[in-house]
1. Condition (residue is of a type in the set (Phe, Trp, Tyr), outside any helix (DSSP H, G or I), surrounded by fewer than 13 Cβ atoms within 10 Å (Cβ to Cβ) and in contact with a helix residue (DSSP H, G or I) (Cβ under 8 Å, 6 or more places away or on another chain)) applied to the stretch 76-84: is it met by at least one residue?
2. Is one or more of the residues making up the stretch 35-57 touching a strand residue (DSSP E or B) at 6+ places or on another chain (Cβ under 6 Å), closer than 21 Å to residue 16 by Cβ and among the acidic types (Asp, Glu)?
3. Check off (1) of a type outside the set (Ser, Thr, Tyr); (2) over 19 Å from residue 3 (Cα atoms); (3) modelled with pLDDT of 90 or more; (4) surrounded by 11 or more Cβ atoms within 10 Å (Cβ to Cβ) for residue 63 and give me the number that stays unchecked.
4. For the stretch 45-55, which positions are surrounded by 15 or more Cβ atoms within 10 Å (Cβ to Cβ) and either at pLDDT below 85 or assigned to a loop (DSSP other than H, G, I, E, B) (or both)?
5. Within the group 91, 21, which residue is of a type in the set (A, V, I, L, M, F, W, C), at pLDDT 95 or above and either at positive phi or surrounded by 15 or more Cβ atoms within 10 Å (Cβ to Cβ) (or both)?
6. Filtering the stretch 3-18 down to residues that are among the acidic types (Asp, Glu) and surrounded by fewer than 18 Cβ atoms within 10 Å (Cβ to Cβ), which residue is nearest to the chain's Cα centre (by Cα)?
7. Working carefully through the options 76, 52, find the one that is closer than 22 Å to residue 2 by Cβ and not charged (D, E, K, R).
8. Only residues that are of a type in the set (D, E, K, R) and either surrounded by 15 or more Cβ atoms within 10 Å (Cβ to Cβ) or assigned to a loop (DSSP other than H, G, I, E, B) (or both): list them for the stretch 29-44, please.
Amino acid sequence: MNKEDEKLIAEYMCWQEDEPLIWHCPELNKIINFDLNDAGLCVKEMQKCEDWIEFYEFTIDKHSEDWLEWAEFTAWFYNEDNFFESTTKWLKEKKNG
């Protein structure tokens, strides 16, 4: 994930940039590492904003190859790199309409 991608997710989450590339969640007083704990925070925010189903459907549509069965998709999806990459693509598409 590049700086632009991190910034896009941080803006959606209302995380603050304390120093270049060091993001802070003021609500939890937590430094953001863009790991699976932070992915959980994103899911919570998506649910609060009622964006979760839209995001999940977007991700399934973008990765709906025949070999992806449910268990394989779930394992793929909950890899932090795949989650944040999908989140970035979804936010870009959402932003650009």
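The values are calculated or read from the model by the stated rules, or taken from the named source; none is laboratory data. Since this is a predicted model, take the numbers as computed values, not measurements. No Cβ is skipped: glycine too gets one built from the backbone with ideal geometry, and neighbour counts run over all protein chains shown.
1. yes
2. Yes, that holds for at least one residue.
3. (3)
4. 51
5. Going through 91, 21 in turn, just one is of a type in the set (A, V, I, L, M, F, W, C), at pLDDT 95 or above and either at positive phi or surrounded by 15 or more Cβ atoms within 10 Å (Cβ to Cβ) (or both): 91.
6. Going through the qualifying residues, I end up with 5.
7. 76
8. Residues satisfying the conditions are 35, 38.
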